[in-house]
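Undergrad: Submitted below is the structure of interest, expressed as structure tokens.
The values are calculated or read from the model by the stated rules, or taken from the named source; none is laboratory data. Here the structure is a predicted model, which is why all the values come from computation and not from measurement. Virtual Cβ from ideal backbone geometry, glycine too; neighbours counted across all protein chains shown.
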Amino acid sequence: MTPQRLLVVVGLPLGLLIAFLSPAWTAYDEFTHFARVVDMAQGNLEPTLSSEGIGSHIPTAYQEATGQIILDHQEGRPPWSPTSIRALLDHRPDGRTVFIDTRPTTASTPVAYLSAAAGAWVPVVLDAPGLVVLWASRLASLAVYLTIATVAIRGASAFRWSLAASALAPLNLALASSVSPDGLTVVAVLLAFSMWTRVEAGDEVGMPALIGASLLLALAKPPYFLVLALFLISAVLQPNRVRARAALVAGGGLLVGLATAVTNSSENYQAVTTTMIQKINYQPGLQWDRLLGDLPGFLWATVDTWLTEYRFYVQGWFRQLGFWEADLPQVIPWTLFVVAALALLRLDGGDLVRLRGVRRLLMALGVGGFLVVLYAASYIYFTDRTDYAHIGLQMARYAIPLAPLAVVGWLPRSSRMLSSRLSERAAALIIAGVPVVAVGASAVTWLWSGANTPLG
């Protein structure tokens, strides 16, 4: 089975399972993103300025429906009990509206929300219950995710299985099957990486494809547009016509991404914290000054945080797919992580061997540098502390889009001997089985034991 076919065969049913069974508005920051999507479906591409601030006016019934999720949890009902579903479907728009602060969503351009907004448009026009709007948005997001990921895998000249495994990573599937800009960001990274493998191989890449991939990543969630620097490095290390052209286009994408990030960031920016539970205001300007005043301390904190919290990130990639955590023994995510790595060594080992020397070193260093940038963004925009205690709280989600780059840069080629006894068929089955186990465990948690796990 080809990696792109495996993606569809495995990713589609698992994505549908997540989209329909993941408790409503319990994906990461989903209600805030949902409010932005509803507003876009109403014809507003950006949050608007009003007497109440910068945000979106949506039907009050949609916000009231979130209270049903909390009530079910408090009363011990599984999230998708018949009682809960009927109650959620009873919350229909009745003409009343409520203001939701969606300023945090402006960190991403409308492009990152277009798929979800397209799915929401008809239900919003028809005044459907919020649950129906949510399902339609999730399904549209999943469809776009799988389509772009399939194109990326099919078009890659190398590391096709790594791309497929990254697209099927349980947390990535969860992001793709929720209302969030993260799913499109993940596939934008995959598409750019796929284009880079073609450039590295010396294959011709059409200008429309290069421009489209670069703009998609530039207009997705910052700061992932920095991945486009791969093309510039390739052109510097081994100049030729193909690499120079790709570097020119990618450089333009970098400028667009930088301009967008600067435009959408300000001292008034707030973290995405309008959730079902609470709203917290942060002070990015103050945090920025603190970071610049203690750069050595911050750099050490990033290294220390990664080394001490990496084990929690592994858990997050396989069992933390929203507010409800899958009831898996902690050894299971580690086992899934290791066997997936061995399978990729078997399937993409030849590509790893061919990528050697300074290219692989720069890839490894680039991933490390990117993580530092993500920690910095987390500290500036998503914490309100003078120390660095909480900069790693969301790093599992922030780091997962870098999965294919990490495989290429960090996977130890010396471990290929451990995977030599695996057949390619067995390795492909492992790539398929890892998300099945993880998502299946989450589905069981959501259906039967979700009400007994911590919310938020």
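Undergrad: Scan region 110-151 for residues that are among the charged types (D, E, K, R) and in a helix (DSSP H, G or I) and jot them down.
TA: Going residue by residue through region 110-151, those that are among the charged types (D, E, K, R) are 127, 138.
Across region 110-151, the qualifying residue is only Arg138.
Undergrad: While we're on this one: Quick check: is even one residue across region 311-325 touching a Phe, Trp or Tyr at 6+ places or on another chain (Cβ under 8 Å), at pLDDT below 90 and on the phi > 0 side of the Ramachandran plot?
TA: Yes.
Undergrad: When you scan region 47-58, do you find a residue that is within 18 Å of Ala128 (Cα to Cα), modelled with pLDDT of 90 or more and exposed (fewer than 15 other Cβ atoms within 10 Å of the Cβ), even just one?
TA: There is no residue in region 47-58 that is within 18 Å of Ala128 (Cα to Cα), modelled with pLDDT of 90 or more and exposed (fewer than 15 other Cβ atoms within 10 Å of the Cβ).
Undergrad: Would you check which residues across region 301-334 are among the polar types (S, T, N, Q) and closer than 30 Å to His73 by Cβ and list them? It would help to see each step written out before you state the result.
TA: Looking only at region 301-334, we keep the residues that are among the polar types (S, T, N, Q), and these are 302, 305, 308, 315, 320, 330.
Listed by number, the residues that qualify are Gln315, Gln320, Gln330.
Undergrad: Against the conditions (1) under 30 Å from Ser157 (Cα atoms); (2) surrounded by fewer than 17 Cβ atoms within 10 Å (Cβ to Cβ); (3) without any contact (Cβ under 8 Å) to a residue 60 or more places away in the chain; (4) within 24 Å of the chain's Cα centre (by Cα), where does Gly357 fall short? Just the number, please.
TA: Failed condition: (4).
Undergrad: Arg86: out of contact with any Cys (no Cβ under 8 Å at 6 or more places or on another chain) and without any contact (Cβ under 8 Å) to a residue 60 or more places away in the chain, yes or no?
TA: Values: out of contact with any Cys (no Cβ under 8 Å at 6 or more places or on another chain): yes; without any contact (Cβ under 8 Å) to a residue 60 or more places away in the chain: yes.
Against the criterion (out of contact with any Cys (no Cβ under 8 Å at 6 or more places or on another chain) and without any contact (Cβ under 8 Å) to a residue 60 or more places away in the chain), Arg86 qualifies.
Undergrad: Still on this structure, please answer the following. For region 386-425, enumerate the residues that are over 28 Å from Val372 (Cα atoms), among the aliphatic types (A, V, I, L, M) and touching a residue at least 40 places away in the same chain (Cβ under 8 Å).
TA: Residues of region 386-425 that are over 28 Å from Val372 (Cα atoms), as a first pass: 416-425.
This time we only want the ones that are among the aliphatic types (A, V, I, L, M), so: 417-418, 422.
Scanning region 386-425 gives Leu418, Leu422.
Undergrad: Same structure again: Looking at region 128-138, is at least one residue at pLDDT 90 or above, among the basic types (Lys, Arg) and under 30 Å from Glu200 (Cβ atoms)? It would help to see each step written out before you state the result.
TA: Looking only at region 128-138, we keep the residues that are at pLDDT 90 or above, and these are 128-138.
Keeping just the survivors that are among the basic types (Lys, Arg) gives 138.
Narrowing further to those that are under 30 Å from Glu200 (Cβ atoms): none.
No, region 128-138 has no match at all.
Undergrad: Determine whether Arg385 is more than 28 Å from Ala229 (Cβ to Cβ), outside any helix (DSSP H, G or I) and charged (D, E, K, R).
TA: Details: more than 28 Å from Ala229 (Cβ to Cβ): yes; outside any helix (DSSP H, G or I): yes; charged (D, E, K, R): yes.
Answer is yes for this residue.
Undergrad: Now a separate question. Select, from Asp203, Asp182, the only residue that is within 21 Å of Phe34 (Cα to Cα) and charged (D, E, K, R). Lay out the reasoning, then the answer.
TA: Details: Asp203 fails: within 21 Å of Phe34 (Cα to Cα).
Result: Asp182 is the single residue among Asp203, Asp182 that is within 21 Å of Phe34 (Cα to Cα) and charged (D, E, K, R).
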